[in-house]
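Colleague: I have a structure I would like to understand better, so I am pasting it below and will then ask my questions one at a time.
The values are calculated or read from the model by the stated rules, or taken from the named source; none is laboratory data. Predicted, not measured: the structure shown is a model, and the values here were computed from it. A quick note on method: Cβ atoms are made from the backbone with ideal geometry, for glycine too, and the neighbour counts reach across all protein chains shown. Accessible surface is based on the protein model in full, side chains and every heavy atom, while ligands, DNA and RNA are left aside. Shrake-Rupley method; radii C 1.70, N 1.55, O 1.52, S 1.80 Å.
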Amino acid sequence: MPRRRTLSDEQLLAMVLALIHAEGPDAATFAAVAKVSGLSGSTLVQRFTTKAAMLRAALLYAWDRLDAETARLAGSVAITPDGAVALLVGLSQDYGDNAAAYGEGLRVLREDFRDPVLRARGAAWGTALTAAVARCFASAGAPETIARLMLSQWQGSLTWWGFGAEGPVDKYVEVELRRFLAAVKS
């Protein structure tokens, strides 16, 4: 009879993801995960087989969480341009006022670009997010184009905030997206 798992897959993947965010993807070795989880290296090998599979599982878990948060926010905001701003500001809050944490997150993004399965998840999220933002511009001409431009502005504002890091990211993003809306209206 197999032993009962002391940590659920979700608990373990959350630990792996925390390690990845704290120390980078290369730090997520079986030895390091064994140390933070209390599980043996052989138990981890039985669950994941390879380090690459463990990294992929943790990052797919992160995508699942982002998909859920995106859907939650998209369902809670007004279907207006202001709602689009609220959605993107909501998705930006995790970095607070810590630009270094944002920079560390870019190392994780590198892994998403390298792995075709993770890259496909990112593309699917982008499609869903574009649709959610486009709904907020349904009465405008070319709502999907406006959505894509707004998403580009959002991502650019995150990068510029990372360089300047003046105050919390959500406030910076909101100001930049409101500037975008003003430019689109004129």
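Colleague: Please work out how much accessible surface Phe48 shows to a 1.4 Å probe, ignoring ligands, DNA and RNA, in Å² rounded to 10.
Modeller: 30
Colleague: Going Cα to Cα from Lys35, which lysines come in below 24 Å? Please leave out same-chain ones fewer than 8 positions away.
Modeller: Lys51
Colleague: Work out the length of the dipole vector of the chain about its Cα centre, built from +1 on the beta-carbon of each Lys and Arg and -1 on the beta-carbon of each Asp and Glu, and round it to the nearest 20 debye.
Modeller: For the chain, the charge dipole is close to 540 debye.
Colleague: What accessible area per residue comes out for segment 66-168, rounded to a whole number of Å², with a 1.4 Å probe? Please report the intermediate quantities before stating the final value.
Modeller: Values: 5430 Å² over 103 residues.
Result: 53 Å² of accessible area for each residue.
Colleague: If I take every Cα pair under 8 Å that is 6 or more residues apart in the chain, average their sequence separation and divide by the length, what percent do I get for the relative contact order?
Modeller: RCO, the chain: 22 percent.
Colleague: Could you tell me which label, among [x] 30, 22, 14; [y] 36, 18, 13; [z] 49, 20, 15, carries the value of semi-axes √(5λ) of the Cα gyration tensor in Å calculated for this structure?
Modeller: Answer label, from the structure shown: [y].
Colleague: Further question on the same structure: Just to be sure I understand the rule: take each whole DSSP H helix in the chain, project its Cα atoms onto its long axis, keep it if the span is 20 Å or more and its mean Kyte-Doolittle hydropathy is at least 0.0. Which ones pass? The partial results should precede the final answer.
Modeller: Working: long enough: 9-23 (21 Å, 0.93); 51-76 (38 Å, 0.13); 99-114 (23 Å, -0.38); 116-135 (28 Å, 0.52); 143-164 (31 Å, -0.05); 169-185 (24 Å, 0.13).
Taking the DSSP H segments of the chain (at least 20 Å long, mean hydropathy at least 0.0), we get 9-23, 51-76, 116-135, 169-185.
Colleague: Which percent of the accessible heavy-atom area of the chain goes to carbon and sulfur, probe 1.4 angstrom?
Modeller: With neighbouring chains kept in place, the figure for the chain is 57 percent.
Colleague: Turning to a different aspect of this structure: If the cut-off is a Cα-Cα distance under 25 Å, which lysines reach Lys185, setting aside same-chain residues fewer than 8 apart in sequence?
Modeller: Candidates past the 8-residue exclusion: Lys171.
Colleague: Can you give the relative contact order of segment 51-156 as a percent, counting alpha carbon pairs under 8 Å and 6+ residues apart? Walk me through the numbers on the way to the answer.
Modeller: Details: 62 pairs, mean separation 30.3, N = 106.
Normalised by residue count, the contact order of segment 51-156 is 29 percent.
Colleague: Additional query: How much accessible area per residue does segment 9-60 have, counting only protein heavy atoms and a probe of 1.4 Å, in square angstrom?
Modeller: 48
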